[in-house]
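Report on the following structure.
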Amino acid sequence: MTAPAPIVDLRSDTVTRPTAAMRAAMSAAEVGDDVYADDPTVNRLQAVLAERLGKEAALFMPSGTQSNLCALMAHCARGDEYLVGQGAHTYRYEGGGAAVLGSIQPQPLEQDERGVVALADIEAAIKPDDSHFARTRLLALENTFGGQVLPLAYQVEATSLARQRGLATHLDGARLLNAAVAMAGPGGDAWVEARRIAALYDTVSVCFSKGLGAPVGSALVGPADLIDTARRWRKMLGGGLRQAGVLAAAALHALDHHVARLADDHALATALADGLSGLPGVQARRPDTNIVFVTLDALPAAEALARLRAAGIWAGRAGDRLRLVTHLDVDAGGIDRTVRAFRTLSGGG
Ligand SMILES: *Cc1c(COP(=O)(O)O)cnc(C)c1O
């Protein structure tokens, strides 16, 4: 009898488990009480990230959702409005928190497949200073968006338009380092690219628990006064953690050891997209980074998902497309098995 093949979990890059080296770093972490701001490991993480992203200050957060919400609440007061893409995480996938908890009105705008909101639409959505309207305060963009890098030239134009019109800018950079690694290319310095992007925005939120492979955590970076305001909101939202150095140690380990290797995830995602594109009745988009969207001509997504699962391949779903995400815990063997499982689905034997 052979042991069953291990599951290939491509639902998200959040499913990674901490490596042995990461667990060792967590176990050795020096800790304090971060609500008193005296956890040395949290303080070191915040200093390192702020420095690497060229910002004044950083704040460790329990989740990306809380990080984005604290940013929105730091930028916008009750009755203010933020401009955001229809498909953006902060608008669509965070439970409406900005409206519910921040009394901030979202103004969602159409986006293309790369996450671009047309400059003319941004311009047209900025409300005049008139008591009929919410006060437009902030433009929020997302990079990467659906595994695609938001073009740098576009980010320059959109953020300078926002600034000219007196708006603040926030980037949901949950996967900022995936974007930076893709931009840097082989031999390039991802941190140079990450700084280039971060410089365009007032605040940037980054996730440690996605491709970087930490079990928990995000951080918000930006000017010291905004980060102070965000710290007040974080406490009110229940995000004041105590001996959080155990978690910050995982994030620090990820920053030192798991950034350059994101290129491996991107290469596997490209290999997966290319492998799937060769199958009859399968359309797979080749991503800039680590997320592959797949459409099947003859099979509803729900059924494909169930049949893949029976073969030990766990995928996610986005509407009528399948979503497959590569990460630290997937290797070339897993990608080969995935392509083979799709071949059976598409009737190729
Ligand atoms: C994952 C993610 C977040 C934050 O999600 P949490 O699950 O709250 O950590 C925010 N934005 C984007 C684009 C994400 O992918």
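Can you name the residue in the range 34-81 that is touching a Pro at 6+ places or on another chain (Cβ under 8 Å) and outside any loop (DSSP other than H, G, I, E, B) and is also surrounded by the fewest Cβ atoms within 10 Å (Cβ to Cβ) among such residues?
Among those residues, the one meeting the criterion is ALA57.
For THR344, work out the one condition from (1) in contact with a His (Cβ under 9 Å, 6 or more places away or on another chain); (2) surrounded by fewer than 14 Cβ atoms within 10 Å (Cβ to Cβ); (3) polar (S, T, N, Q) it doesn't fulfil.
(1)
So which residues in the range 284-304 are within 18 Å of ARG11 (Cβ to Cβ), of a type in the set (D, E, K, R) and loosely packed, with under 14 Cβ neighbours inside 10 Å, if there are any at all?
GLU303
Considering only the range 82-101, I want to know if a residue exists there that is over 27 Å from MET183 (Cα atoms) and part of a strand (DSSP E or B).
The answer is yes, given that some residue of the range 82-101 is over 27 Å from MET183 (Cα atoms) and part of a strand (DSSP E or B).
Scan the range 19-44 for residues that are aliphatic (A, V, I, L, M), closer than 16 Å to ALA248 by Cβ and either free of Cβ contacts under 8 Å to residues at least 24 places away in the same chain or within 16 Å of the ligand (Cβ to nearest atom) (or both) and jot them down.
Scanning the range 19-44 gives ALA24, ALA37.
Would you list the strands (runs of 3 or more DSSP E) that sit entirely within the range 149-226 and hold 2 or more residues that are within 16 Å of the ligand (Cβ to nearest atom) and under 28 Å from PRO128 (Cβ atoms)?
Fully inside the range 149-226 and qualifying: 168-173.
Checking the conditions here, which among GLY334, GLY281, GLY245 is small (Gly, Ala, Ser), surrounded by fewer than 20 Cβ atoms within 10 Å (Cβ to Cβ) and either over 21 Å from ASN178 (Cβ atoms) or modelled with pLDDT of 95 or more (or both)?
Testing whether each residue is small (Gly, Ala, Ser), surrounded by fewer than 20 Cβ atoms within 10 Å (Cβ to Cβ) and either over 21 Å from ASN178 (Cβ atoms) or modelled with pLDDT of 95 or more (or both) leaves just GLY281.
Residue-wise test of (1) small (Gly, Ala, Ser); (2) in contact with a helix residue (DSSP H, G or I) (Cβ under 7 Å, 6 or more places away or on another chain); (3) free of Cβ contacts under 8 Å to residues at least 60 places away in the same chain.
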| residue | (1), (2), (3) |
| --- | --- |
| THR270 | no, no, yes |
| ALA273 | yes, no, yes |
| LEU279 | no, yes, no |
| VAL282 | no, yes, no |
| VAL294 | no, yes, yes |
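Quick one: what pairs do we get from the range 81-97, first residue without any contact (Cβ under 8 Å) to a residue 60 or more places away in the chain, second aliphatic (A, V, I, L, M) and within 10 Å of the ligand (Cβ to nearest atom), C-beta under 6 Å, 6+ apart or different chains?
GLY97/LEU69
Being surrounded by 21 or more Cβ atoms within 10 Å (Cβ to Cβ), in contact with a strand residue (DSSP E or B) (Cβ under 9 Å, 6 or more places away or on another chain), farther than 23 Å from ALA37 by Cβ and of a type in the set (S, T, N, Q) narrows it down to one residue among THR169, THR203; which is it?
THR169
For the range 56-94, give me the residue count where each residue is away from the ligand (no atom under 14 Å from the Cβ) and aliphatic (A, V, I, L, M).
Within the range 56-94, residues that are away from the ligand (no atom under 14 Å from the Cβ) and aliphatic (A, V, I, L, M) number 7.
In this structure, is ARG114 among the basic types (Lys, Arg) and closer than 30 Å to ALA284 by Cα?
yes
Inspect the range 20-33 for any residue being touching a strand residue (DSSP E or B) at 6+ places or on another chain (Cβ under 6 Å), of a type in the set (Ser, Thr, Tyr) and in a helix (DSSP H, G or I) and give the result as yes or no.
The answer is no; no qualifying residue exists.
Show the residue pairs that are 6+ apart or on different chains and have beta-carbon atoms under 9 Å apart, the first residue being within the range 192-215 and without any contact (Cβ under 8 Å) to a residue 40 or more places away in the chain and over 19 Å from ASP265 (Cβ atoms), the second being buried (at least 24 other Cβ atoms within 10 Å of the Cβ) and of a type in the set (A, V, I, L, M).
VAL192/ALA180
For THR16, work out the one condition from (1) hydroxyl-bearing (Ser, Thr, Tyr); (2) within 15 Å of the ligand (Cβ to nearest atom); (3) farther than 28 Å from ASP256 by Cβ it doesn't fulfil.
(3)
Can you find even one residue in the range 111-123 that is in a helix (DSSP H, G or I) and surrounded by 20 or more Cβ atoms within 10 Å (Cβ to Cβ)?
Yes; the residues of the range 111-123 include at least one that is in a helix (DSSP H, G or I) and surrounded by 20 or more Cβ atoms within 10 Å (Cβ to Cβ).
In the range 95-113, how many residues are under 17 Å from ASN143 (Cβ atoms), within 16 Å of the ligand (Cβ to nearest atom) and at pLDDT 95 or above?
Of the residues in the range 95-113, 1 are under 17 Å from ASN143 (Cβ atoms), within 16 Å of the ligand (Cβ to nearest atom) and at pLDDT 95 or above.
The values are calculated or read from the model by the stated rules, or taken from the named source; none is laboratory data. Keep in mind that this is a model prediction, so the values were computed, not measured. Here the Cβ is made from the backbone with ideal geometry for all residues, glycine too, and neighbour counts use every protein chain on show.
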